[in-house]
Amino acid sequence: MNSCRRRWVPTSTSTKKWAQVVSELDGFIIVTPEYNHSIPGVLKNALDYLYAEWNNKSVGFVSYGSAGGTRAAEHLRSIAGELQLADVRQQVTLTLSDDFENYSTFTPGERHLAPLSVLFGQVEAWADALAPLR
Ligand SMILES: Cc1cc2nc3c(=O)[nH]c(=O)nc-3n(C[C@H](O)[C@H](O)[C@H](O)COP(=O)(O)O)c2cc1C
């Protein structure tokens, strides 16, 4: 059995479309800002509306905010556990002061390229490793 939670069947058109997108993928990179030490409500909704579609897949995090969004990413790790979504160690954090011009235009530093490449590699490797469970 794939899951200990009952499968919730999406009924609205938008949720069905979202379920279709997620079900076709094996791994995810979630990019999130941090608001009041956590993730935005819309991201929480997007995660909560599905369940089985997330199971036994992999996820990595890119976070941003005044302080790099690290607390938002930590919250995502505990949410991922409940969704049976395996979170990889590597994380990329972007700060408003260093990676955004005038705190608004995205201008990421070159130093993020190598860690981002590691992040993609870990998500891909774990997505492959979890294939027998899906
Ligand atoms: C109400 C509010 C709360 C915020 N809280 C945090 C925070 O707790 N930690 C942080 O690092 N940045 C915080 N920020 C900064 C946001 O992460 C930053 O503005 C970011 O660019 C928002 O991303 P978005 O415009 O893509 O939604 C906050 C911003 C606002 C407006």
*Mind checking the dipole of segment 1-114: about its Cα centre, +1 per Lys or Arg Cβ, -1 per Asp or Glu Cβ, Debye to the nearest 20?*
560 debye
*Have a look at the DSSP beta bridges in the chain and tell me what percent are antiparallel, nearest 5.*
15 percent
*Sorted by mean Cβ packing within 10 Å, highest first, what order do the peptides 19-25, 106-112, 123-129, 84-90 take?*
84-90, 123-129, 19-25, 106-112
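Normalised by the empirical 2.2 N^0.38 Å for globular proteins, what value does the Cα Rg of segment 13-58 take?
1.22
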*asked:* Which of 35, 51 has the fewest other C-beta atoms within 10 Å, and how do the rest follow up to the most?
replied: 35, 51
*Around residue 29, which amide H atoms from residues at least 5 apart in sequence, or from another chain, sit under 5 Å from its own amide H, with H modelled in the peptide plane?*
60
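Read the figures in this text as sums done on the coordinates, not as results from a lab. If you're wondering where the values come from, they're calculated on a predicted model, not measured in any experiment. So basically every Cβ, Gly included, is an ideal-geometry build from the backbone, and we count neighbours across all protein chains shown.
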